[in-house]
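Below is one structure, written out as structure tokens; comments come after it.
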Amino acid sequence: MIGRPGDVQGKRMNRRRLLQLAGGLSLSLPVVSGLLAACVGGGDDSNSGAAQAEPTPTPGPGDGQRGGTLRVALTGEPPNLDMYQTTDAIVVLVASHMYETLFTWDASYRPVPLLAASHEVSEGGLLNTVTLRQGVPFHNGAEMQAADVVASVKRWGTISGLGQDMMAVTEEIVEVDPYTIEFRMKEPFGTFAMALARQLQGCAIYPKTVIDASDDTGLAEYTGTGPYRFVEWSPDQRILVERFDDYASPEGDPDGYAGAKAQNLDAIEFVPVRNEASRIAGIQAGDYHFVETVSPDQSAALEGSGAVAIETLPADSWLNVVLNLRSPLLGDLRVRRAIQTALDHEAIMLAGFGEGFYELTPELVPGAPTWYTEAGAEYFNQNDPDEARRLLDEAGYDGAPLRIMTTQEIQQEYNSTLTMKQQLEAVGFVVELLVYDGATLSDRRNNETRWEMYTAWASFRPDPVMRNLTASATGWWEDDEKDRLLADLQAQSDYDKRFAIWEQVQQKFYDNVPRLKIGNTNRLLVRSVNLHGIGPTEMQPEFSNAWLEE
């Protein structure tokens, strides 16, 4: 099993020592988290049998060849291209090249301005003033101004759980002038810039005219300020974006997701390829330059190919099982506890990811060691079938079907779910497996009457406030004390106070069983040897500085 986050040469380090390594206790938390993720990682690549590629250095704004169309093999079809609608990582992978946010993350995972030029917080934290960059055009030719930002934030605040939380403590948003916005707060919101930075279900800035023509379920058109503009979406064939020649690139060298965007590529073509074997064959044949997701057990098939480079990434995400707390069956904590108690996480992760490509630790923010806590660990990976049967008997379980949704588009999730199904049946559950394509699963999980559980990938978050545990998140975990803790976590900026709050949230996660963390995962980055300059990968790859070698 891979070493735990925070281990350096086999020696466990405490949080304070980790902070000191990052440069001192006075650093802001996102800086610390990112530095530590870069220094100690979350896994040991030496356990992998895959051929390793030297990571390509982050390019400068003038590096790389210009021209060509990058072809990316997706695991399936995105459910939509509206960033606000879903936490599906596939949406960020595609849409982040079209849309931008007020803030983004530098290489140290510190929130820094992107569409914003500056951000000031008043003493007491009740006024956040955002000044916008001037001369930033949307793809429709109109200049981005404060009215667009206000409309975007308000719409995001009605759809996203984090947005709802921010709006709940916002008195009003005032358009001071075309390039200045004041967020007048009822209470301090210490994570303001984090909340409005790049993330899953992030607050992309759309034109007000587009928002006025849209509703809360989707966009009237796909228009942003990003380096690539939307051209077409042919379902089950491709999504095509092309270079936006009038793009207003940020200044400075590339720095994580921040800095200049060279736009070397003429276009990016995202192709849904649901069958993993087809994705593998396609990149080997040169049909694709990048594959969104590959099972670790495919590394042997790829390592002999001179056309493909493979890199094993540190563990920064985890296999997540979402439970439907509005289901009559799972509304009973004893039944949820029976599921939690029955599972053998080692066997599930081995089936899905293979030896050397996972780790079993209880923390909910892997990849950010300063947030590591063992709160709730007594409930993690219990593997106690007898106790699970006792809990089912106590709950009076009558054989009602436990409906589990999954997809074969992501083979790791599907294989893990099959093993989980066997373990649950062994303790007495009647399990009904529902296998859908990814877009259908994403749609059906919003209907509380159609499922009890589904498997998903909990992607990297540099800060726990970005882990959506609100009552509006799918699964609908309603708990007043948890919500109060989350509000305090968002309001605070002091690290020690926030860590103490986060420990309480994680403990409640394991006590209440709204979801199940199975284990951390190591992903494979699989690319053509001709593709260079891929940006960060933690919050989905960035291709804005990538180039194709002739």
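In table form, for the structure just shown:
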| item | result |
| --- | --- |
| Residue count for the stretch 151-186, restricted to those that are among the β-branched types (Val, Ile, Thr) and either touching a Lys or Arg at 6+ places or on another chain (Cβ under 8 Å) or not assigned by TED's automatic domain parsing to the domain that holds residue 131 (or both) | 4 |
| Matching residues in the stretch 344-362 - criterion: being crowded, with 24+ Cβ neighbours inside 10 Å and either outside the structural domain of residue 387 (by TED's automatic domain parsing) or aliphatic (A, V, I, L, M) (or both) | 348, 349 |
| Among residues of the stretch 494-505, those that are within 24 Å of residue 126 (Cβ to Cβ) and surrounded by fewer than 17 Cβ atoms within 10 Å (Cβ to Cβ), counted | 4 |
| Qualifying residues in the stretch 287-307 (those that are closer than 25 Å to residue 229 by Cα and in a loop (DSSP other than H, G, I, E, B)) - the one modelled with the lowest pLDDT | 293 |
| Criterion: within 21 Å of residue 533 (Cα to Cα) and surrounded by 20 or more Cβ atoms within 10 Å (Cβ to Cβ) - qualifying residue of 291, 321 | 291 |
| Candidates 322, 335, 308 - the one that is touching a residue at least 24 places away in the same chain (Cβ under 8 Å), of a type in the set (A, V, I, L, M) and closer than 30 Å to residue 287 by Cα | 308 |
| Per-region count, the stretch 239-260, residues part of a loop (DSSP other than H, G, I, E, B) and in contact with a Phe, Trp or Tyr (Cβ under 7 Å, 6 or more places away or on another chain) | 3 |
| Among the residues listed as 228, 222, the single one being modelled with pLDDT of 95 or more and either over 24 Å from residue 543 (Cβ atoms) or crowded, with 24+ Cβ neighbours inside 10 Å (or both) | 228 |
| Scan of the stretch 129-162 for residues that are buried (at least 22 other Cβ atoms within 10 Å of the Cβ) and more than 16 Å from residue 100 (Cα to Cα), ordered by number | 160, 162 |
| Given (1) over 23 Å from residue 240 (Cβ atoms); (2) within 24 Å of the chain's Cα centre (by Cα), number of the condition residue 336 does not satisfy | (2) |
| Among the residues listed as 359, 374, 387, the single one being within 23 Å of the chain's Cα centre (by Cα) and free of Cβ contacts under 8 Å to residues at least 60 places away in the same chain | 374 |
| Some residue of the stretch 331-340 being under 30 Å from residue 381 (Cβ atoms), assigned to a loop (DSSP other than H, G, I, E, B) and modelled with pLDDT of 90 or more | yes |
| Subset of the stretch 541-550 that is in contact with a Leu (Cβ under 9 Å, 6 or more places away or on another chain) and in a loop (DSSP other than H, G, I, E, B) - its residue that is surrounded by the fewest Cβ atoms within 10 Å (Cβ to Cβ) | 549 |
| Hey, residue 497 within 21 Å of residue 325 (Cβ to Cβ) and either outside the structural domain of residue 123 (by TED's automatic domain parsing) or assigned to a loop (DSSP other than H, G, I, E, B) (or both) or not | no |
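Condition check ((1) surrounded by fewer than 22 Cβ atoms within 10 Å (Cβ to Cβ); (2) among the polar types (S, T, N, Q); (3) free of Cβ contacts under 8 Å to residues at least 24 places away in the same chain) across all residues:
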{"residue": "236", "(1), (2), (3)": "yes, no, no"}
{"residue": "239", "(1), (2), (3)": "no, no, no"}
{"residue": "244", "(1), (2), (3)": "yes, no, no"}
{"residue": "252", "(1), (2), (3)": "yes, no, yes"}
{"residue": "266", "(1), (2), (3)": "yes, no, no"}
{"residue": "269", "(1), (2), (3)": "yes, no, no"}
{"residue": "273", "(1), (2), (3)": "no, no, no"}
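Per-residue answers, yes or no, for (1) of a type in the set (Lys, Arg); (2) under 26 Å from residue 465 (Cβ atoms); (3) at pLDDT 95 or above:
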{"site": "178", "(1), (2), (3)": "no, no, yes"}
{"site": "194", "(1), (2), (3)": "no, yes, no"}
{"site": "197", "(1), (2), (3)": "no, yes, no"}
{"site": "201", "(1), (2), (3)": "no, yes, no"}
{"site": "204", "(1), (2), (3)": "no, yes, yes"}
{"site": "210", "(1), (2), (3)": "no, no, yes"}
{"site": "234", "(1), (2), (3)": "no, no, yes"}
{"site": "239", "(1), (2), (3)": "no, no, yes"}
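Yes or no, residue by residue, for (1) surrounded by fewer than 20 Cβ atoms within 10 Å (Cβ to Cβ); (2) under 16 Å from the mean Cα position of the chain (by Cα); (3) without any contact (Cβ under 8 Å) to a residue 60 or more places away in the chain:
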| position | (1), (2), (3) |
| --- | --- |
| 507 | yes, no, no |
| 517 | no, yes, no |
| 521 | no, yes, no |
| 527 | no, no, no |
| 532 | no, no, no |
| 539 | no, yes, no |
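The values are calculated or read from the model by the stated rules, or taken from the named source; none is laboratory data. Please read these numbers as outputs of a predicted model, since none were measured by experiment. Virtual Cβ from ideal backbone geometry, glycine too; neighbours counted across all protein chains shown.
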